[in-house]
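Reviewing the structure listed below.
The values are calculated or read from the model by the stated rules, or taken from the named source; none is laboratory data. Since we're looking at a predicted model, the values are computed, not measured. Just so you know, the surface numbers come from the protein's heavy atoms only, side chains and all, with ligands and any DNA or RNA stripped out. Shrake-Rupley method; radii C 1.70, N 1.55, O 1.52, S 1.80 Å.
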Amino acid sequence: MRATLRSTMIAKCEQQIARKGELVGLSFYAFFKNKNDDPELLMEAATWWIHTHRLDHFEKAHKVKSLLINEQSLSS
């Protein structure tokens, strides 16, 4: 996963947790605007979410954030 997408996803998780609390759930669509203006990026997120991690449609933001941070430290 490209670093910019990972950073965007982590920031969105943090934003949602701050707004709605630790139990907030989200889907990979939460990282995109309603308009699909970058299908490749959307597919990259969907592949990470569905194929790589086999996550449900909605997952806890703190779980997603942890996965992203763990992968980031492994790739560093």
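Remarks
- The phi torsions of the range 20-30, fed into the Karplus equation with coefficients 6.51, -1.76 and 1.60 and a -60° offset, translate into couplings of 10, x, 4, 8, 5, x, 8, 10, 5, 5, 4 Hz, rounded to whole numbers, with Gly and Pro shown as x.
- The sum of -39500 (n - 2.57) across all DSSP H runs of n ≥ 4, divided by the residue count of the chain, sets its helix-only mean residue ellipticity at 222 nm to -17500 deg cm²/dmol.
- Of (i) 21, 59, 19, 1; (ii) 19, 47, 31, 3; (iii) 19, 57, 24, 1, the label for P(r) over Cα pairs in 10 Å bins from 0, in percent derived from the coordinates: (iii)
- With all protein chains kept in place, the per residue accessible area of the chain amounts to 67 square angstrom at a probe of 1.4 angstrom.
- Computed lengthening from Leu41 to His53, 0.36 nm per intervening residue step minus Cα-Cα distance: 2.6 nm
- Under 12 Å from the Cα of Lys63 - aspartates and glutamates, other chains or at least 8 residues apart: Glu14, Glu22
- Vicinal HN-Hα couplings computed from phi for the range 38-48 (Karplus, 6.51 cos²θ - 1.76 cosθ + 1.60; Hz; Gly/Pro x): 9, x, 5, 5, 4, 5, 4, 5, 5, 4, 4
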